[in-house]
Amino acid sequence: MSSASSSQDPVEFAWRVHTALDSWTGKVDTKASIALAIEGAALGFVVSLSEEGQRFADLHGAPSHWFEAGLVLLFGALLSAALVVMPQLKRRKSRREWQGNMIYFGHLRHWDPDELAEALKSNQHNEKQLAHQLVAMSQVAWRKHSRLQASLVLFILSSASLVVAGLIA
């Protein structure tokens, strides 16, 4: 083991990981917001093409099935992207566990400011709280990235299905 890595403060390293997780979560939220806007615009475009006299009006047979599949996939894409940007507060869990954690804002909101100040002064916080927060943040980041990936795949499949419906109509 190198001297640089053996002398590194594990708590400082954990806080850097915390910062990286926060950054990754913010970036996936931004990407999902963009995907949600594009997918919403695509839905609007499909709806406009479904009006009387337009390409998707009065579809029957195979084109209708491709169109319906495209719509279902598009709604799945929209839902997946919306689930990424939806806040994950875990209200009940934070209500039960707030006294054992002063890192997550969902826990901090339950603290009395004077009691929190005393807990901070007496150094009641510890590495276990930070480790718990890192695991929780990692789980949230993984879910968000997985949902964004699903949204993009569903959007691509939806687009392909709708193009097929339009071409064979």
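Every number in this text was worked out from the coordinates using simple rules, so none of it is lab data. Note that this is a predicted model, so its numbers are computed, not measured. Positions of Cβ are backbone-derived with ideal geometry, glycine not excepted, and every protein chain shown enters the neighbour counts.
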**Fill in**
To the nearest 10 degrees, the tilt of helix 62-85 (Cα long axis) against the first principal axis of the alpha carbons of the chain is 20
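What's the magnitude of the charge dipole for segment 25-168 around its Cα centre, counting Lys and Arg as +1 and Asp and Glu as -1 at the beta-carbon? Answer in Debye, nearest 20. Spell out each step's value before the answer.
Details: 15 positive and 12 negative charges, 119 e Å.
My answer is approximately 580 debye.
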**Asked** Which residue, Ser159, Ser94, Ser151, has the most motion in a Gaussian network model of the chain that connects Cα atoms within less than 10 Å?
**Response** Ser94
**Asked** Taking the Cα atoms only, what angle lies between the long axis of helix 10-48 and the longest principal axis of the chain, rounded to 10 degrees?
**Response** 20
**Fill in**
Out of Ala117, Ala62, Ala77, a Gaussian network model of the chain with alpha-carbon springs under 10 Å gives the largest mean-square fluctuation to Ala117
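Hey, with R₀ at 30 Å, roughly what FRET efficiency would Asp29 and Ala131 work out to, going by the Cβ-Cβ distance, to 0.05? The partial results should precede the final answer.
Numbers: r = 24 Å, r/R0 = 0.80.
Between Asp29 and Ala131 the formula returns 0.80.
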**Message:** What distance in nm lies between label points placed 7 Å from Cα along the C-beta direction at Lys93 and Ser146?
**Reply:** 1.3
**Message:** Springs between alpha-carbon pairs under 10 angstrom, Gaussian network model over the chain: which of Phe155, Phe13, Phe75 fluctuates most?
**Reply:** Phe13
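Taking R0 as 41 Å, what's the FRET efficiency between Val153 and Asp114 from their Cβ-Cβ distance, rounded to 0.05? Write out the running numbers ahead of the final one.
Working: r = 51 Å, r/R0 = 1.24.
Efficiency at R0 = 41 Å is approximately 0.20.
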**Asked** Reachable lysines from Lys27, Cα under 18 Å, same-chain residues fewer than 8 places away excluded?
**Response** Lys144
**Message:** What is the sum of charges, Lys and Arg at +1 and Asp and Glu at -1, for the other residues whose Cβ falls under 11 Å from the Cβ of Trp15?
**Reply:** -3
**Request:** Go through His132, Pro87, Ser146 and say which Cα lies farthest out towards the positive end of the charge dipole of the chain; charges sit on Cβ, +1 for Lys and Arg, -1 for Asp and Glu.
**Result:** His132
